[in-house]
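The values are calculated or read from the model by the stated rules, or taken from the named source; none is laboratory data. None of the values given here were measured: they were computed from a predicted structure. A quick note on method: Cβ atoms are made from the backbone with ideal geometry, for glycine too, and the neighbour counts reach across all protein chains shown. Side chains included, ligands, DNA and RNA excluded: accessible areas come from the protein's heavy atoms. Shrake-Rupley method; radii C 1.70, N 1.55, O 1.52, S 1.80 Å.
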Amino acid sequence: MMTLEPIPFNLHAAVEEVAELLAWRAQEKGLELIVHYPPGTPRHVIGDQGRVRQVLTNLVGNAIKFTGQGSVRIAVRIMEQVAECSVADTGIGIAKEDLGELFQQFRQFRRPVRGGEQGTGLGLAIAKKLVDLHGGGITADSELGRGTRFAFRLPRLSSDELLRQTIDDALRRALTRQASVSLVLIGFEPAAPGELLEELAYWLRRDVLRQQDLALRTTTGLALVLVDCQPNGVQAIAGRIGDALRAELSRLQREAALCIGWATYPTDAADVGELIRLAMDRKQ
């Protein structure tokens, strides 16, 4: 029985990892493998990261298999309520009469592949089941001789819902280790555009925070989830992060005043809601 373990994860990183994993296969066939993840696009979604990677790996692997020349393009669009990943190729395509049965188990189609490589016919059926388990959907558009485009959509939480889910997941993991979880909220005056917030969140994850910590864009600023910090040192850590952010804003030739609040579970708060409220109340 297929099950999911949905948690907040970095969709951008998952896409890049799948592309890196399969790049050698594309290079072997002389294909261009393209990843299009527009700047400023939110990077975090809720889902089972391993299962989403499995779906992407199947779709990209099939695209490479059935493309003799040209390119395979992975693209991501984040809309208000859904995240869409698509894989488009310039391959041999699928006949329109076959599209309706494309996701049935053991169903194969008359698509010539070098060396007789065919597969089991299970990959697309499993991909559909995994997307369905997420509450999403998967579609295919194709024309013989002109290529195929698969797209799957996953429901997306708002930035505030994503923050609550992220903290909730961190608290569950912390309980098993008897660790603390600290929340640092950072506001900007004047309000920073979404593209800048995404850039700063990525920079913090890459250059400032530890591997186990998270930086997320919120509706009005940034939220940092810090795991297993000493509660009496969180204020000082938040201050140093604020200093690093101001230096980065200066480097980017952006001006903004920062207001920073923090709180720690279980020292300051007993649940997610109280943790967020206290961090917001302390913003200064």
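Across region 112-136, the number of residues qualifying as open to solvent by 30 Å² or more (accessible area, probe 1.4 Å) and either assigned to a strand (DSSP E or B) or modelled with pLDDT under 65 (or both) comes to 9. Before we move on, is Glu195 surrounded by fewer than 15 Cβ atoms within 10 Å (Cβ to Cβ) and under 21 Å from Leu249 (Cβ atoms)? Criteria met by Glu195. Residues considered: Arg205, Arg217. Of these, the only one that is surrounded by fewer than 21 Cβ atoms within 10 Å (Cβ to Cβ), under 27 Å from His12 (Cα atoms) and of a type in the set (Lys, Arg) is Arg205. Could you go through region 10-21 and let me know if any residue there is closer than 22 Å to Asp132 by Cα and open to solvent by 50 Å² or more (accessible area, probe 1.4 Å). No: zero hits.
Taken together, the residues in region 227-258 that are within 17 Å of Gln212 (Cβ to Cβ) and either among the charged types (D, E, K, R) or over 28 Å from the mean Cα position of the chain (by Cα) (or both) amount to 4.
Yes or no, residue by residue, for (1) closer than 13 Å to Leu200 by Cα; (2) open to solvent by 70 Å² or more (accessible area, probe 1.4 Å):
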residue: Gln230; (1), (2): no, yes
residue: Ile241; (1), (2): yes, no
residue: Ala244; (1), (2): yes, no
residue: Glu248; (1), (2): yes, no
residue: Ile260; (1), (2): no, no
residue: Asp268; (1), (2): no, no
residue: Asp271; (1), (2): no, yes
residue: Arg277; (1), (2): no, yes
residue: Arg282; (1), (2): no, yes
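For region 33-45, the criterion of being among the charged types (D, E, K, R) and in contact with a strand residue (DSSP E or B) (Cβ under 6 Å, 6 or more places away or on another chain) is met by at least one residue.
Pairs are defined by a Cβ separation below 8 Å, a sequence spacing of at least 6 or placement on different chains, a first member in region 45-60 that is under 24 Å from Glu32 (Cβ atoms), and a second member that is among the aromatic types (Phe, Trp, Tyr); the pairs so defined are Val52/Phe9; Val55/Phe152; Leu59/Phe150; Leu59/Phe152.
At least 2 residues being without any contact (Cβ under 8 Å) to a residue 60 or more places away in the chain and under 17 Å from Gly40 (Cβ atoms) is the threshold, and among the strands (runs of 3 or more DSSP E) wholly inside region 173-277 those reaching it are 221-227. I need the full set of residues from region 91-103 which are assigned to a loop (DSSP other than H, G, I, E, B) and either exposed (fewer than 13 other Cβ atoms within 10 Å of the Cβ) or modelled with pLDDT of 85 or more (or both), in order please. Those that are assigned to a loop (DSSP other than H, G, I, E, B) and either exposed (fewer than 13 other Cβ atoms within 10 Å of the Cβ) or modelled with pLDDT of 85 or more (or both): Gly91, Ile92, Gly93, Ile94, Ala95, Gly100, Glu101. Each residue in region 144-181 was checked for being within 30 Å of Ala95 (Cα to Cα) and exposed (fewer than 13 other Cβ atoms within 10 Å of the Cβ), and 2 of them qualify. Would you confirm whether any residue within region 29-46 is over 11 Å from the mean Cα position of the chain (by Cα), small (Gly, Ala, Ser), at pLDDT 95 or above and open to solvent by 20 Å² or more (accessible area, probe 1.4 Å)? Yes; the residues of region 29-46 include at least one that is over 11 Å from the mean Cα position of the chain (by Cα), small (Gly, Ala, Ser), at pLDDT 95 or above and open to solvent by 20 Å² or more (accessible area, probe 1.4 Å). Of everything listed in (1) over 21 Å from the mean Cα position of the chain (by Cα); (2) in a strand (DSSP E or B), the single unmet condition for Arg153 is (1).
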